[in-house]
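Here the structure comes first, spelled out in structure tokens, and everything after it is commentary.
The values are calculated or read from the model by the stated rules, or taken from the named source; none is laboratory data. Since the model is a prediction, treat every value here as computed from it, not as a measurement. Every residue, glycine among them, receives a Cβ derived from its backbone with ideal geometry; neighbour counts consider all protein chains shown. Please note that ligands, DNA and RNA were not included when accessible areas were found on the heavy atoms of the full protein model with its side chains. Shrake-Rupley method; radii C 1.70, N 1.55, O 1.52, S 1.80 Å.
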Amino acid sequence: MPTSHAARLRRRWVLASVVTAAVAAAAVAAAAVVAVSMTSGASASGVALPPVHGGFDYQIGGEYTPPKGVDIVSRDRTDSPADGLYNICYVNAFQVQPGERDQWPDDLLLRDRDGDLVIDTKWKEPLLDISTAGKRERVAEKVDGWIDGCADKGFDAVEPDNYDSYERSKKLLTTAHAKEFMALLSEHAHAQGLAIGQKNTAELLSGRKAAGLDFAVVEECGEYDECGDFAEAYDDHVVVVEYGEEGFAKACAGWGDRLSIVLRDEDVSPDDGADYVRETC
């Protein structure tokens, strides 16, 4: 039996209403998923971030049983992650560890205009040469292998150290070189399911998104009045290690209820060492 024009219009209106309601419901559900992921600490890259204001221990000088109340621990890439905690894998990405110089091709070690190695004199570490795209890719290939090792061991994140090595490079390296190299490491870390932290270097906070960074590991932000800058940039996903009582007191007074803060001895000794120091806010 033929359908009237009015009936056809009513049917179309009903169908359109159903579709609109379905789309609205889907949008609400999607918004809820986003809200859950934001509050649970998932980054834009889908990796898990360290919990905000979690108990922190900095163990890059040697692993030991985490003290009670620790939620987050950072350990060297040669060590293993701690069971049941958020684990950050320390990698010396911009400089060469003492004793590992022969593991690098000579042309990837930064040299000054006299041909001498450029050295971080405090830690006696040669700087890596990331001054060209080709060298950045070659250095990244080796560091990426360490990042793969962190992922294979079960770490949650990676902490590439010495982002600020350009400051010790006799002006042979620039902030652009550092950011471009970090972006290579971030892309690889994310592909392995790891978050990646900005180590210090407050002057590069504005470039954090371009460099692909997710959170921060900061030394002595209390001492240098930088905790607020990192807290704002990374929405409090910041772990802090102080090496002096004064800086520790300032960090705790200003940020102890928001950031993950620990006082350690400068050599970050294991807990059986004579120089071991650890305090929390």
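Using the structure shown, select from LYS171/LYS199; LYS179/LYS250; LYS122/LYS199 the pairs with a Cα to Cα distance greater than 26 angstrom. In this structure, LYS179/LYS250 exceed 26 Å between Cα atoms. Computed from point charges on the beta carbon alone (+1 for Lys and Arg, -1 for Asp and Glu), the dipole magnitude for the stretch 162-232 about its Cα centre is near 440 Debye. At an R0 of 51 angstrom, the distance between the Cβ atoms of ASP102 and ASP265 translates into a FRET efficiency of 0.95.
Of the three principal axes defined by the Cα atoms of the stretch 96-175, the extents in descending order read 43, 28, 26 Å.
Over the stretch 45-100, the pair-distance histogram of Cα-Cα distances with 5 Å bins from zero comes to 4, 18, 27, 21, 15, 9, 5, 0 percent, rounded to whole numbers. Round to the nearest 0.05 the FRET efficiency obtained for LYS68 and LYS153 when R0 = 25 Å and r is the Cβ-Cβ distance. It comes out at approximately 0.55. Once backbone amide H atoms are built at 1.01 Å from N, LEU128 has GLN95, VAL96, LEU110 as its partners under 5 Å, excluding neighbours fewer than 5 places away on the same chain.
Given R0 = 35 Å, the distance between the Cβ atoms of THR78 and LEU205 translates into a calculated FRET efficiency of 0.75. For ASP114, the solvent-accessible surface with a 1.4 Å probe is about 130 Å², rounded to the nearest 10.
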